[in-house]
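Contents: one structure, followed by commentary.
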Amino acid sequence: MSGSIFGNWDALWADDPTGTLSFTLPSGGVCEQRIGDLKVANPDANEMIHDWLNDHTLNEIADIDAAIATTRAEGPQAWQFGGLDRSSDLTFGYGTSNYDADYEYVTAMQQATFDAVHAKLLDEGYTDYADYELSYSGELRCTGDNPDPAIPAWQPEFKK
């Protein structure tokens, strides 16, 4: 993949990904999401999706703004910490004191990517779950003050 500012990807497939998506976080960091190891249960559907992603970038197919709008319309979410003491559970999301715009953007990007691939399978007639069951892996790299935006700011103990 040419033109990437990132290198040293962890996954073996990431040097030759099925798709890439470059974006800027609300905080200003630049990110690249790569997906690979894409598998669709039906071999014809698998070939069709790979061909489609070869002809389109994830930037062209993933509607991140729509995914953000959907998440916001659903309202705040609750994070439940493990253990017996549930007093540390918290509410997060847009409009709460635990709002993290970068986390919202990254999770919306991931949802939008999945939704686009899934919608393409359905649009092409692969409507039986046995046909469109899919899996893929992703790897995300970011610059800036928040290089690991997939972990929310209110959970800093999990940051690298």
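Readers should treat all values here as calculations from the given coordinates under stated rules, not as data from a laboratory. In this text, all values refer to a predicted model and were calculated from it rather than measured experimentally.
Just checking the listed ones, ASP148, ASP63, ASP37: in the Gaussian network model of the chain with Cα springs under 10 Å, the one fluctuating most is ASP37. Across segment 147-154, rounded Karplus estimates of 3J(HN,Hα) from the backbone phi angles (6.51 cos²θ - 1.76 cosθ + 1.60, θ = phi - 60°) give x, 10, x, 6, 10, x, 4, 7 Hz, Gly and Pro being marked x. Relative to the globular-protein estimate of 2.2 N^0.38 Å, the Cα radius of gyration of segment 11-160 stands at 1.15.
When the square roots of the Cα gyration tensor eigenvalues are ordered a ≥ b ≥ c, the ratio a/c for segment 88-138 is 1.5 or more and a/b exceeds b/c, which makes its shape prolate.
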